[in-house]
Amino acid sequence: MSEGGQSGAGPIFEGHILTLFPDFFTSPLSASILGRALARGEVRVQAHDIRAFASGKHRVTDDTPYGGGAGMVMKAGPIVRCLEAVEEGCLERGGARPHRIVLTPGGARFDQRAARRLASLPAISVVCGRYEGIDERVMAHVDEEISVGDFVLTGGEPAALAVLDAVIRLLPGVLGNAASAEDESFGQGLLEYPQFTRPAIFREVAVPEILLSGDHARVDRWRRGQALLRTSLRRPELLADLELTKDDRRLLEQARQEAIERSGTPAPAQEDP
Ligand SMILES: C[S@@+](CC[C@H](N)C(=O)[O-])C[C@H]1O[C@@H](n2cnc3c(N)ncnc32)[C@H](O)[C@@H]1O
């Protein structure tokens, strides 16, 4: 079981992970930005062992599927009892009732908007499935089902880590630089502009000159143009959700022209959204 450190003020966010493999989370939760937020006590993350809520001598958590077929299905009882125990614990400590989530490939696709929504909640419980998945009757006891993408993982644990990481880094004070989350991909509905660091020339490819100019206003405009160009080329559907200003259109066109000049080959023509 992993747990955040404690401070007098109490955590601003609680993430509860319901899993058959609580040890899975020990190392990732102790590293880097997440680990520091936990150590400071701003955030509490706890992995709860679903098996502890199974009955019988062997604490069985799965069984064969009704109707036949391959694999095993996670039983509803241990999961629902675990959700209830987590909730009871939170309420006893004077905390909020956690928003209940099941991770499943059949859920609504997780994205930055969902991360922001979950980061605005005081507490979430995240159920990780295994095997062929979870008895469908558990879904009546949760608030939402989430998928991290159109692929199938062996278990919900990596998906839970992805969701918690994306949520926790949005909490106030967790990232060193408050502006950085807003500036990143999806922060303003765009992919992020390309980033560069030293050396100024790497294998004959130079950093765009403007980044060495020290002119922050021009750098900001260049980055906006690059973000627009990258989004238009890689994720045109994201641009469709945005209202581009006249200036945005100008920056996008400029960025396209620059790309053509740099490569000597025309960037694929894109219709202005
Ligand atoms: C092998 S998967 C079960 C897949 C299930 N039989 C299906 O076809 O939808 C086992 C568990 O991994 C988790 N999982 C797998 N892929 C996922 C995804 N894309 N998003 C969220 N959770 C996922 C879920 O918790 C799921 O219950």
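The values are calculated or read from the model by the stated rules, or taken from the named source; none is laboratory data. Please read all numbers here as calculations on a predicted model, not as lab measurements. Note that each Cβ is placed from the backbone with ideal geometry, even for glycine, and that neighbours are counted across all protein chains shown.
For the range 110-144, filtered to residues that are touching a residue at least 60 places away in the same chain (Cβ under 8 Å) and among the small types (Gly, Ala, Ser), the residue that is surrounded by the most Cβ atoms within 10 Å (Cβ to Cβ) is 125.
Restricting attention to the range 58-77 and to residues that are of a type outside the set (D, E, K, R) and free of Cβ contacts under 8 Å to residues at least 24 places away in the same chain, the residue that is surrounded by the most Cβ atoms within 10 Å (Cβ to Cβ) turns out to be 60. The one condition from (1) at pLDDT below 95; (2) surrounded by 13 or more Cβ atoms within 10 Å (Cβ to Cβ); (3) more than 24 Å from the chain's Cα centre (by Cα); (4) of a type in the set (S, T, N, Q) that residue 254 does not meet is (1). For the range 1-33, a residue qualifies if it is in contact with a helix residue (DSSP H, G or I) (Cβ under 6 Å, 6 or more places away or on another chain) and modelled with pLDDT under 85, and the qualifying residues are 1, 2, 4, 5.
Listed here are the residues, each with its yes/no results for (1) over 17 Å from residue 117 (Cβ atoms); (2) surrounded by 16 or more Cβ atoms within 10 Å (Cβ to Cβ); (3) within 13 Å of the ligand (Cβ to nearest atom).
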residue: 146; (1), (2), (3): no, yes, yes
residue: 152; (1), (2), (3): yes, no, yes
residue: 157; (1), (2), (3): yes, yes, yes
residue: 168; (1), (2), (3): no, yes, no
residue: 199; (1), (2), (3): yes, no, no
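Against the conditions (1) over 19 Å from residue 160 (Cβ atoms); (2) within 16 Å of the ligand (Cβ to nearest atom), residue 18 satisfies every one except (1).
Which members of the range 170-193 meet the condition of being among the polar types (S, T, N, Q) and either surrounded by 11 or more Cβ atoms within 10 Å (Cβ to Cβ) or within 8 Å of the ligand (Cβ to nearest atom) (or both)?
Residues of the range 170-193 among the polar types (S, T, N, Q): 177, 180, 185, 188.
Result: 180, 185, 188.
Sub-6 Å Cβ pairs linking a first residue in the range 80-109 that is closer than 15 Å to residue 141 by Cα to a second residue that is aromatic (Phe, Trp, Tyr) and more than 16 Å from the ligand (Cβ to nearest atom), at least 6 apart or interchain, are 81/53; 82/53, ordered by first then second residue. The C-beta contact set for the range 199-224 (first residue outside the structural domain of residue 248 (by TED's automatic domain parsing) and β-branched (Val, Ile, Thr), second residue part of a helix (DSSP H, G or I) and surrounded by 14 or more Cβ atoms within 10 Å (Cβ to Cβ), distance under 6 angstrom, 6+ apart or interchain) is empty. From the list 126, 138, the one residue that fits, being assigned to a strand (DSSP E or B) and outside the structural domain of residue 236 (by TED's automatic domain parsing), is 126.
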